[in-house]
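Worksheet: one structure, shown below.
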Amino acid sequence: MDLSLVIMAAGLGSRFGGTKQLVEVGPNGEAFLDFAIKDGRAAGCQQVVLIIRTDIEEDVRNHLLAQYGSLDGFVLVRQDDFGPQRDKPWGTAHAVLSAAAVVSGSFIVVNADDYYGPTSFQLAADALSSGDQSTGALVAFELAKTLPLEGAVSRGVCAVSDGHLASITETHGISRHEDGQIRSEDPAGEHSDDTMVSMNMFGFPQTLFPHLQSQWESFYDEFGGEPKTEYLLPDVVDRLREAGEMTVVVPVSAEEWIGVTNPNDLEPARAKLAHR
């Protein structure tokens, strides 16, 4: 199977306060994306596509050269070259669409600033190899394993039926309260520790790109004049699922997600990754 790893690394990192996608978290100067590259390659990804912004391109190139000695096997795509200019990137679906010209087969998509664990990449690869051109995969994680030590986060809460995605709801203000219960603010509710959530780890056939293009045109017609509204991958996936144009399998990872939402998350993340 022709398989690529697509890493979304164009985010602004506004809550973190810097270029979060390149912050050193591993014992040998690795960024989160380096763990994704290692695990993605182990799962069969022959090509690594990094979606970046023009203003961080030199830093990304220097990081890759320091970690790997060359840029062989890497393709850098500037998201801000694709589509109209805007201070805030247009969102995750726009980011993936910007890579359409360099991805020839199936692909796994991840965030640059999350640690997913090696078995998660294998789950995505296995789902793609056993599916057809109308089958996508969303690798889900247990909510309790994705919460930072402090602060609230947003997660895509998944409803799953017979191993397939039934719905995905972007849910904001999720945190564990003093009574031990996990609650969200929007939509308001309580959630169990094993609630399945999306961390933007997907697997797709190459046939996703025409759908992304079509939905982008509709999105831009409606929201093109707004400075912050985003064209998001989970929304595209859910629309395709509802229309019967894509079946989305949901393998559940047993891995513990590691990430940094706020600066205070950095040292705990480094401690967890010290022996990975």
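Tabulated data for the structure shown
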| read-out | value |
| --- | --- |
| Residue satisfying condition, being surrounded by 13 or more Cβ atoms within 10 Å (Cβ to Cβ), modelled with pLDDT of 95 or more and not β-branched (Val, Ile, Thr), within set 67, 21 | 67 |
| Out of 142, 185, sole residue that is in contact with a Gly (Cβ under 6 Å, 6 or more places away or on another chain) and of a type outside the set (A, V, I, L, M, F, W, C) | 185 |
| Residue within region 212-229 that is within 20 Å of the chain's Cα centre (by Cα) and not in a helix (DSSP H, G or I) present | yes |
| Filter result for the condition that a residue is of a type outside the set (S, T, N, Q), outside any helix (DSSP H, G or I) and crowded, with 16+ Cβ neighbours inside 10 Å, over 89, 84 | 89 |
| Region 171-191: number of residues that are part of a loop (DSSP other than H, G, I, E, B) and closer than 16 Å to residue 154 by Cβ | 1 |
| Odd one out for residue 225 among (1) of a type outside the set (Val, Ile, Thr); (2) modelled with pLDDT under 95; (3) under 27 Å from residue 40 (Cα atoms) | (3) |
| Residue check for residue 137: in contact (Cβ under 8 Å) with a residue 24 or more places away in the chain, surrounded by 19 or more Cβ atoms within 10 Å (Cβ to Cβ), part of a strand (DSSP E or B) and not polar (S, T, N, Q) | yes |
| Lone qualifier among 161, 167 - being without any contact (Cβ under 8 Å) to a residue 24 or more places away in the chain and either surrounded by fewer than 20 Cβ atoms within 10 Å (Cβ to Cβ) or closer than 19 Å to residue 180 by Cα (or both) | 161 |
| Candidates 50, 64, 22, filtered to the one that is closer than 17 Å to residue 121 by Cβ and either hydrophobic (A, V, I, L, M, F, W, C) or touching a helix residue (DSSP H, G or I) at 6+ places or on another chain (Cβ under 9 Å) (or both) | 50 |
| Which listed residue, of 233, 273, is surrounded by 17 or more Cβ atoms within 10 Å (Cβ to Cβ) and at negative phi | 233 |
| Region 84-121: number of residues that are within 14 Å of residue 10 (Cα to Cα) and either in contact (Cβ under 8 Å) with a residue 60 or more places away in the chain or out of contact with any Gly (no Cβ under 9 Å at 6 or more places or on another chain) (or both) | 20 |
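The values are calculated or read from the model by the stated rules, or taken from the named source; none is laboratory data. Just so you know, these numbers come straight off a predicted model, no measurement behind them. Positions of Cβ are generated from backbone atoms using ideal geometry, with glycine treated the same way; all protein chains shown enter the neighbour counts.
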